[in-house]
Amino acid sequence: MASSSEEGKVLEAAVAGIPEIAQIIAFMPVEDRARAFDTAERSYLRTVKNLGGAEELAQKWASAVMFELRAAVEERVLANRKALKALYEELIGEPVKAGALDISTETIETDIEELIHKIYDHDTQRDS
């Protein structure tokens, strides 16, 4: 079994990795996030158990870490949505109406593709 100092470092490293893991999960399709959360939780449980932690303690620690991870993912999703909204408004040249923050990614992707084609067509016609 690892020393208390080594165990603490391992657990601190796991907690310190939450922002990076949250960013990865936040960029995943919504339908894949549940599986990612399950995988992360199993990994956290395994980490504590490998350090010699009792089942109940391991479960409590993993639950606390998962709470933080889920909160961090939600923060990232909201930040990403705001950034995407700002980019979308810049591309279309007008603000998105209040309450329309929930514009779908598909709608934005379609609009961006249309804008790209319009710009390309305009540039192609201008250059010919």
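The values are calculated or read from the model by the stated rules, or taken from the named source; none is laboratory data. All of these numbers come straight from a predicted model, not from anything done at the bench. In this analysis, Cβ positions are derived from the backbone assuming ideal geometry, glycine residues included, and neighbour counts consider all displayed protein chains.
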Collect the residues in segment 48-66 that are surrounded by fewer than 17 Cβ atoms within 10 Å (Cβ to Cβ), without any contact (Cβ under 8 Å) to a residue 24 or more places away in the chain and assigned to a loop (DSSP other than H, G, I, E, B), keeping them in residue-number order. 54
Count, please, the residues in segment 1-35 that happen to be among the small types (Gly, Ala, Ser), in a helix (DSSP H, G or I), over 15 Å from residue 71 (Cβ atoms) and out of contact with any Ser or Thr (no Cβ under 8 Å at 6 or more places or on another chain). 6
Could you say whether any residue in segment 34-45 is surrounded by fewer than 16 Cβ atoms within 10 Å (Cβ to Cβ), at pLDDT below 90 and out of contact with any helix residue (DSSP H, G or I) (no Cβ under 7 Å at 6 or more places or on another chain)? no
Kindly provide the set of residues from segment 16-47 that are within 16 Å of the chain's Cα centre (by Cα) and in contact (Cβ under 8 Å) with a residue 24 or more places away in the chain, ordered by number. 18, 19, 21, 22, 23, 25, 26, 27, 33, 37, 40, 41
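Given the criterion exposed (fewer than 14 other Cβ atoms within 10 Å of the Cβ) and at pLDDT below 85, identify the matching residue among 109, 74.
109 is the lone residue from the list that is exposed (fewer than 14 other Cβ atoms within 10 Å of the Cβ) and at pLDDT below 85.
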I'd like the full set of residues that are surrounded by fewer than 11 Cβ atoms within 10 Å (Cβ to Cβ) and not acidic (Asp, Glu), limited to segment 12-26. 13, 16
